[in-house]
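What follows is a set of notes on a single structure, which appears directly below.
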Amino acid sequence: MEESKSLKKVKLAVAENRIVRLTATDSFFSIYIYLAKEGGRHKDHILGENFCDCKYFVFHSIYSATPLECYHLRALKTTLSGEKIITINTSFKNITEIITDIYAYGKSLKLRKLITT
């Protein structure tokens, strides 16, 4: 991915608050989600501080001799470095259902409902 295009995507993702932190109220589990835009073919992505589940990350970070970060992970790191982050405290069961939705359908309606309430 061209660097300037990637940087624009990172800035846009941060400005649109696309990074959401899910924290389990009944355990110490916490994970980040990159929210895709509504509609379209893009999917939500599950993030940790050093990984993303997108294909770009897998092929350019894990299987590459010269690792590169995807823009989802760069947006997370930018957000964590001082920008505002949406944090949702919910049960571990809800988090596992959200992760299952993302893997099964590409997006989680349950997560979007939690954000709006």
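The values are calculated or read from the model by the stated rules, or taken from the named source; none is laboratory data. Quick caveat, the model's predicted, so the values are computed rather than measured. Heads up, the Cβs are rebuilt from the backbone with ideal geometry, glycines too, and the neighbour counts pull from every protein chain shown.
Figures for the structure shown
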quantity: Among the candidates His72, His42, residue that is surrounded by fewer than 19 Cβ atoms within 10 Å (Cβ to Cβ) and either hydroxyl-bearing (Ser, Thr, Tyr) or closer than 30 Å to Ser4 by Cα (or both); calculated: His42
quantity: Qualifying position, being out of contact with any Gly (no Cβ under 8 Å at 6 or more places or on another chain), basic (Lys, Arg) and touching a residue at least 40 places away in the same chain (Cβ under 8 Å), among Arg21, Arg41; calculated: Arg21
quantity: When residues of region 10-39 are limited to those that are among the basic types (Lys, Arg) and crowded, with 17+ Cβ neighbours inside 10 Å, the one nearest to Ile98 (Cα to Cα); calculated: Arg21
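Yes/no per residue for (1) crowded, with 17+ Cβ neighbours inside 10 Å; (2) modelled with pLDDT under 85; (3) within 17 Å of the chain's Cα centre (by Cα):
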residue: Val58; (1), (2), (3): no, yes, yes
residue: Thr66; (1), (2), (3): no, yes, no
residue: Lys77; (1), (2), (3): no, no, yes
residue: Leu80; (1), (2), (3): no, no, yes
residue: Ile85; (1), (2), (3): no, no, yes
residue: Phe92; (1), (2), (3): no, no, no
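Residues checked against (1) under 17 Å from Phe29 (Cβ atoms); (2) in contact (Cβ under 8 Å) with a residue 12 or more places away in the chain; (3) outside any loop (DSSP other than H, G, I, E, B); (4) of a type outside the set (Gly, Ala, Ser):
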site: His60; (1), (2), (3), (4): no, no, yes, yes
site: Thr66; (1), (2), (3), (4): no, no, no, yes
site: Thr78; (1), (2), (3), (4): no, yes, yes, yes
site: Leu114; (1), (2), (3), (4): yes, yes, yes, yes
